[in-house]
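Below is one structure, written out as C-alpha cells; the observations come after it.
The values are calculated or read from the model by the stated rules, or taken from the named source; none is laboratory data. None of these values were measured; they are calculated from a predicted model. Glycine gets a Cβ as well: all are built from the backbone with ideal geometry, and neighbour counts include every protein chain shown.
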Amino acid sequence: MTISERRTAYDVVVCGGGAAGVGAAVGAARTGARVALLEQAPFLGGAATRSGVLTYCGFWTQAEPPESAVGGVGAEVLRALERLGGMSGPVRTERTRVVIALIEPEAVKLALDRLCAAARIDVILHGRLAGADAAGGLVCTAVALDHDGTFALDATAFVDASGEADLAHRAGAATRYGDAEGRVQNGTLAMRIGGIPRDADISRVAWAGAVRDAKARGAERMTKEQGLVVRLPHSGEVIAFLADEAYDARDARSTSAAERHAREQAWAYVEAVRALPGHEHAYLIATGPAIGTRESRHVVARAQLAGADVLAARVAPDTVALGAWPVEMHPGPGVPNVWKRLRDDGAYGIALDTLVSATHRNLFAAGRVIDADADAFASARVMGTAFATGHAAGVAAALLADGRSADVTAVRAELLRQDAILDLKGSPVSP
C-alpha cells in the first residue's frame, strides 16, 4: 500500500496529544475546523499519562488566595477530572509553596478521550510522525507511521505540540535546540511508590536525610537529594521526582541510556527510604514509563517570550495565553533547582507571535516548543500553561485554515468566546 492510498485531508493537523495538543485540537475544532490529532502513545495526556507527571502546574497564580490563570479547554479538563474524582486542588506544596493540582492518570486519559470525542476530533493514536512536506513557506503534509506503513495527513494549517518540535524540524522550519547556548534543562523519571502508610512522614527533609544516609553507607546511582514528593489523594500512592538525568531527547541512544540509568536510580531511592519509619515496606509500583523531558527543540517564532517580561508579570495587548508558574530551572542532575517568583505572584502574557513560526506561516507552536528564552521557558513549559498556549495556537490555525483573519484581534476574540482567560484583575498591562 502506497502513501497516496492512505491520505486524508483536514483543515488543521495537530502533532502531539499532550496538554498543548489537546488544547490546540479542541480549540481548533470549536472554531469550526476539521481536525486530526496525531499521538504516538496509546492514550492522550502527554507528560501526565506517559511520564507519570501527576501534578498539573500553572493553572493558578501563586498569590494568596490563588487566582485562575487558565480557562477554556484547560479549565474544562479540570472540571472533568473533578467529576471523575481524579483531581485534588488547588493545593499548596510544603516547601516551595507553589499551587498545583494532584491528578490520577486514568482519569486524565478518560477525560481527554471524552473531550476530543465531543469535539469530533479525529484522534489517531499509535501514530508516530515520520516526515513532513513543505513548499513556499507552507507546511503541506504530515507523514506518519503505523504498523501498516506510512500515511499522509494533509492540511491547510498545522500545530506542532510534539514536545521536541518534530513537525517543525521535519518540515524544514527554523528550530533551536535548548537556549541561546544550546543548553537544556535536565529530565526526571517519575516514581510511583506504594506501601507507605498515610501517616508516615514523606517530607522533603525526611527523604533527603534518608538519601544522604544511604550515600554515606556507600549507596550509588542517586543524583538528587531533594525533589518533589507528594501523595495522591485517592490511591494513596507516593509520587517522587528525584531521578534526574542529562540527555538529548532528539537522540534515541542518549534517551535510552538516560532511562536505563534513571530506573536504576528509582530502585536505589526506594531502598534508601525504607530506612525511614513507616517506609519499611515501600515498593516501586511504576516508573514514568517514559522519562519526563523538560526541554528539547523550540520553534523559532516571529517573537521570543522574554524572561524579563515573565518575571515582571507583564500582560501586553497581544496576549493570547497567560502563564502563572514561577521560573523553575533544572540546570543539571544533582544541581539544586533555581526558583524565581513572578512579580506579586501574578501572571504574564504570552504573545501570539511567540507561537507562529518565523519561516512557515501556517505552522504554529504550542507547549514546550514555543519560542522563549531560558528564564521564560522555565516557567512557560508546565502543563497548565501548555493547555493555554495550545488553545491559542489551535484557534489561530483554524482561523487561518478557514481563510479568516488570524491576527491577534481575531484570535483573542475567538479565545474569549471559548472562555479563555487573557488577563487577571490587577495584572499590570504594558502599552
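Structural remarks
- Checking 243, 313 one by one, the residue that is over 18 Å from residue 47 (Cα atoms) and either in a strand (DSSP E or B) or in contact with a helix residue (DSSP H, G or I) (Cβ under 6 Å, 6 or more places away or on another chain) (or both) is 313 and no other.
- Meets criteria (crowded, with 16+ Cβ neighbours inside 10 Å and in a loop (DSSP other than H, G, I, E, B)) for residue 111: no
- Of all residues in the range 167-178, those that are closer than 12 Å to residue 296 by Cα have Cβ atoms under 8 Å from Cβ atoms of residues that are of a type in the set (Lys, Arg), 6 or more apart or on another chain, in 169/297; 175/297; 176/297; 177/250; 177/297.
- Some residue of the range 46-63 being touching a Gly at 6+ places or on another chain (Cβ under 9 Å), more than 17 Å from residue 162 (Cα to Cα) and surrounded by fewer than 19 Cβ atoms within 10 Å (Cβ to Cβ): yes
- The residue of the range 351-390 that is surrounded by the fewest Cβ atoms within 10 Å (Cβ to Cβ), among those that are aliphatic (A, V, I, L, M) and over 21 Å from residue 184 (Cα atoms), is 358.
- A residue that is more than 21 Å from residue 294 (Cα to Cα), charged (D, E, K, R), assigned to a helix (DSSP H, G or I) and modelled with pLDDT of 95 or more cannot be found anywhere in the range 367-379.
A quick yes/no check of all residues on (1) more than 23 Å from residue 106 (Cα to Cα); (2) touching a Ser or Thr at 6+ places or on another chain (Cβ under 9 Å); (3) modelled with pLDDT of 95 or more:
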{"site": "12", "(1), (2), (3)": "yes, yes, yes"}
{"site": "28", "(1), (2), (3)": "yes, no, yes"}
{"site": "51", "(1), (2), (3)": "no, yes, yes"}
{"site": "64", "(1), (2), (3)": "yes, no, no"}
{"site": "80", "(1), (2), (3)": "no, no, yes"}
{"site": "83", "(1), (2), (3)": "no, no, yes"}
{"site": "88", "(1), (2), (3)": "no, no, no"}
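- Checked against (1) crowded, with 20+ Cβ neighbours inside 10 Å; (2) in the same structural domain as residue 371 (by TED's automatic domain parsing); (3) not acidic (Asp, Glu), residue 241 meets all criteria but (2).
- Residues of the range 147-177 that are touching a helix residue (DSSP H, G or I) at 6+ places or on another chain (Cβ under 9 Å), among the small types (Gly, Ala, Ser) and in a loop (DSSP other than H, G, I, E, B): 155, 161, 162, 163, 165, 173, 174.
- Unique residue being small (Gly, Ala, Ser), at positive phi, in contact (Cβ under 8 Å) with a residue 60 or more places away in the chain and outside any strand (DSSP E or B) when the list is 384, 334, 394: 334
- Scope the range 199-234; condition among the hydrophobic types (A, V, I, L, M, F, W, C), in a helix (DSSP H, G or I) and under 30 Å from the mean Cα position of the chain (by Cα); matching residues: 205, 206, 207, 208, 211
- For the range 1-47, the set of residues classified as among the β-branched types (Val, Ile, Thr) and out of contact with any Asp or Glu (no Cβ under 6 Å at 6 or more places or on another chain) consists of 2, 3, 8, 12, 13, 14, 22, 26, 35, listed by residue number.
- Within the range 59-101, the residues that satisfy the criterion of being under 17 Å from residue 188 (Cβ atoms) and under 18 Å from the mean Cα position of the chain (by Cα) are 98, 100.
- Residues that are surrounded by fewer than 19 Cβ atoms within 10 Å (Cβ to Cβ) and not aliphatic (A, V, I, L, M) within the range 2-33 comprise 2, 4, 5, 6, 7, 8, 32, listed in sequence order.
- Of the residues making up the range 74-131, those that are out of contact with any strand residue (DSSP E or B) (no Cβ under 8 Å at 6 or more places or on another chain) and farther than 30 Å from residue 146 by Cα are 76, 79, 80, 82, 83, 84, 85, 94, 95, 97.
- Within the range 252-280, being buried (at least 18 other Cβ atoms within 10 Å of the Cβ) and not in a helix (DSSP H, G or I) holds for 276, 279.
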